[in-house]
1. Scan the stretch 26-83 for residues that are open to solvent by 50 Å² or more (accessible area, probe 1.4 Å), in a loop (DSSP other than H, G, I, E, B) and more than 14 Å from Leu229 (Cβ to Cβ) and jot them down.
2. Check the stretch 238-246 and report whether any residue there is in a strand (DSSP E or B), farther than 18 Å from Ser187 by Cα and within 16 Å of ligand 1 (Cβ to nearest atom).
3. Only one of these is of a type outside the set (S, T, N, Q), modelled with pLDDT of 95 or more and open to solvent by less than 10 Å² (accessible area, probe 1.4 Å): Val230, Val212. Name it.
4. Looking only at the stretch 155-209, count how many residues are of a type in the set (S, T, N, Q), within 20 Å of Gly228 (Cβ to Cβ) and open to solvent by 10 Å² or more (accessible area, probe 1.4 Å).
5. Without any contact (Cβ under 8 Å) to a residue 60 or more places away in the chain, away from ligand 1 (no atom under 16 Å from the Cβ), in a helix (DSSP H, G or I) and within 30 Å of Gln233 (Cβ to Cβ), is that true of Gln96?
6. Scanning the stretch 53-66 for residues that are more than 11 Å from the chain's Cα centre (by Cα) and more than 9 Å from ligand 2 (Cβ to nearest atom), which turns out nearest to Ala37 (Cα to Cα)?
Amino acid sequence: MAQAATGSATKTGGGRAKKTAAKTLLRVTDLRSGYGALPVLHGITFEVLEGQTVVLLGLNGAGKTTTGLNLCGALRTWNGTIEFDGQDATSWNTHQCVGAGIVMVPEGRRVFPDLTVEKNLEVGAWSQRTDAGWFTQQRDQVFDYFPRLGERREQMAGTLSGGEQQMLAIGRGLMARPKLLIIDEASLGLAPVIVKDVFSIVRQINADGTTVILIEQNIGALEVADVGLVMEQGTIVSELRGKDLKNPAEVRKIFLG
Ligand SMILES: Nc1ncnc2c1ncn2[C@@H]1O[C@H](COP(=O)(O)OP(=O)(O)OP(=O)(O)O)[C@@H](O)[C@H]1O
Ligand SMILES: [Mg+2]
């Protein structure tokens, strides 16, 4: 079983020491699911402790997005269980997941191109629309993380650069004030320097208390990880932590076979 760290999860390089993480926020046990009659996940088991960043690493078709879709309630679980924050989340729909604090930023940075940056963020706060102070508070927090979005708040999202659209997609996810933020392939199609920026902001978001699952093909994501879970053909084949995360050669061997 791929189990998250049980001791202190102190991160280096993020500028700030993390508190000891002990509580299990997410527990996935023998998760099986797929599309129609096609099985894709063949029994996935792992835990995420509160405050951790876990990277789900794998090549095309490994089942990373499918795992994420199960966690955020967008895909029905065939078998196994998902426990979130002490509750049985196995059969939750997306609405229940968002309400409980699970938010997924989908692959392909799907922003609303004909809405402004600010309107896109408003959509992200929809679940909290009855709370008058929520939107401005969260929006300002998002602009703190991503000052470029603040500068471009009136700009149509479709005219943002790829990197800025990815920032907006993450920002929109943050508007629901998630406990667990799942980001699907944030680095895809972005220049290395922009990827670095995005990962460094994700590290900051995590240091501020949001637990993160990064779905990635980019090995560089391991730099911000407490735990790396390598997926192949719908199963978790390796669990990386400590020095394995810092040793790219070893990681590459495992990842590339
Ligand atoms: N909507 C769907 N209908 C049928 N099969 C699907 C569907 N979505 C994904 N699959 C299949 O499920 C398997 C796992 O796909 P998944 O998208 O989870 O992989 P992934 O690890 O996210 O890959 P990538 O890095 O390319 O995004 C693949 O074989 C894929 O063809
Ligand atoms: Mg995917």
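The values are calculated or read from the model by the stated rules, or taken from the named source; none is laboratory data. From a predicted model like this one, the values you see are computed outputs, not experimental measurements. In this analysis, Cβ positions are derived from the backbone assuming ideal geometry, glycine residues included, and neighbour counts consider all displayed protein chains. Side chains included, ligands, DNA and RNA excluded: accessible areas come from the protein's heavy atoms. Shrake-Rupley method; radii C 1.70, N 1.55, O 1.52, S 1.80 Å.
1. Gly36, Ala37, Glu50, Asn60, Gly61, Ala74, Arg76, Trp78, listed by residue number.
2. Yes, there is a match, as at least one residue in the stretch 238-246 is in a strand (DSSP E or B), farther than 18 Å from Ser187 by Cα and within 16 Å of ligand 1 (Cβ to nearest atom).
3. Working: Val230 fails: modelled with pLDDT of 95 or more.
Result: Val212 is the single residue among Val230, Val212 that is of a type outside the set (S, T, N, Q), modelled with pLDDT of 95 or more and open to solvent by less than 10 Å² (accessible area, probe 1.4 Å).
4. From the stretch 155-209, those of a type in the set (S, T, N, Q) are 155, 159, 161, 165-166, 187, 200, 204, 206; that's our starting set.
Keeping just the survivors that are within 20 Å of Gly228 (Cβ to Cβ) gives 187, 200, 204, 206.
Pick out the ones that are also open to solvent by 10 Å² or more (accessible area, probe 1.4 Å) and you get 187, 200, 204.
Final tally of qualifying residues: 3.
5. Yes; evaluated as a whole, the condition is true for this residue.
6. Looking at the filtered set, the residue picked out is Leu59.
So that you can scan it fast, the table gives a plain yes or no per residue for (1) farther than 14 Å from Leu56 by Cβ; (2) without any contact (Cβ under 8 Å) to a residue 60 or more places away in the chain; (3) more than 16 Å from ligand 2 (Cβ to nearest atom):
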site: Ala157; (1), (2), (3): yes, yes, yes
site: Ile182; (1), (2), (3): no, no, no
site: Val224; (1), (2), (3): no, no, yes
site: Ala249; (1), (2), (3): yes, yes, yes
